[in-house]
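Report on one structure; see the data block that follows.
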Amino acid sequence: MADEKVNELFRQYKESGDIAIRNQIAEKYLYIADILAKKFVGRGVEYDDLKQIAAFALLRGIDRFDPDLGMQFTTFITPTITGEIKNYFRDKSRMVKLPRRLSEISANVKNFSAQYEATHGVKPNVKTIAETLKLSEEDVVQALEVGGTLSLDSMAGNEENEDRSLYGLLADGEDQYESFEIKDALRAAMKDFSDTERALIKYRYVDQLSQSETSKRLGVSQMFISRMERKLLAKLKENLQGSM
């Protein structure tokens, strides 16, 4: 099946939402999910389970892929599936064995965040949590990565604004991210971003990778990702306010 024919199927699916078309695309690329699942065999998870995770990531990737962006689907879906499998192992390992100190910090951060939000109506940013609990920002970032306490509803920690979050636009997996109007607005909002900044946004909110995994892909520290992410979210928020 030629690339242009595949792209036409993607366009038809995006226009119609026809599950039969989605399944036709999935059948063509299921071999990628199979190959990637096999790479992780022998790490304590059965192949059938890995294949299911990979297949689910494939379907999500099909829903998100835009053939008009000039990227081949194979290039797009390989890191997407790999990231989903790695996220599964990361979450599984944290459930099995979480360092006591990090577990305690995570619990404290979660309790403080809940109390702060109840009082102020918004979630606290990393700096506020670190200063209040007398922790380093790196400890807070790690705790948030474990517990998922600080969602991007806080929009880079701006405590005075309760506009809709970037996460709601990018990582919902439903109609929000797929709507043309929102994607067009996001492209405009990121027009002055560098390649690295665009890659960070893609890894974190399209591929939904953790800050740790994103830092490895970009070759920088996790703390750098955390700080850069807050800066970019604030910048995106400012740009989006003028276009949405």
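The values are calculated or read from the model by the stated rules, or taken from the named source; none is laboratory data. Values in this document were obtained by computation on a predicted structure and should not be read as measured data. Using ideal geometry, Cβ is built from the backbone for each residue, glycine included, and neighbour counts are taken over all protein chains shown.
Within segment 91-98, is even one residue in a helix (DSSP H, G or I), over 22 Å from the mean Cα position of the chain (by Cα) and modelled with pLDDT under 90? Yes, segment 91-98 contains a residue that is in a helix (DSSP H, G or I), over 22 Å from the mean Cα position of the chain (by Cα) and modelled with pLDDT under 90.
Listed here are the residues, each with its yes/no results for (1) hydroxyl-bearing (S, T, Y); (2) at pLDDT below 80; (3) within 15 Å of the chain's Cα centre (by Cα).
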site: S179; (1), (2), (3): yes, yes, no
site: F193; (1), (2), (3): no, no, no
site: S212; (1), (2), (3): yes, no, yes
site: F224; (1), (2), (3): no, no, no
site: K231; (1), (2), (3): no, no, no
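All of (1) modelled with pLDDT under 80; (2) among the charged types (D, E, K, R); (3) more than 24 Å from A234 (Cβ to Cβ) hold for D172 with one exception: (3). Do we have any residue at all in segment 221-241 that's within 26 Å of I77 (Cβ to Cβ) and hydroxyl-bearing (S, T, Y)? No, there is no match, as no residue in segment 221-241 is within 26 Å of I77 (Cβ to Cβ) and hydroxyl-bearing (S, T, Y).
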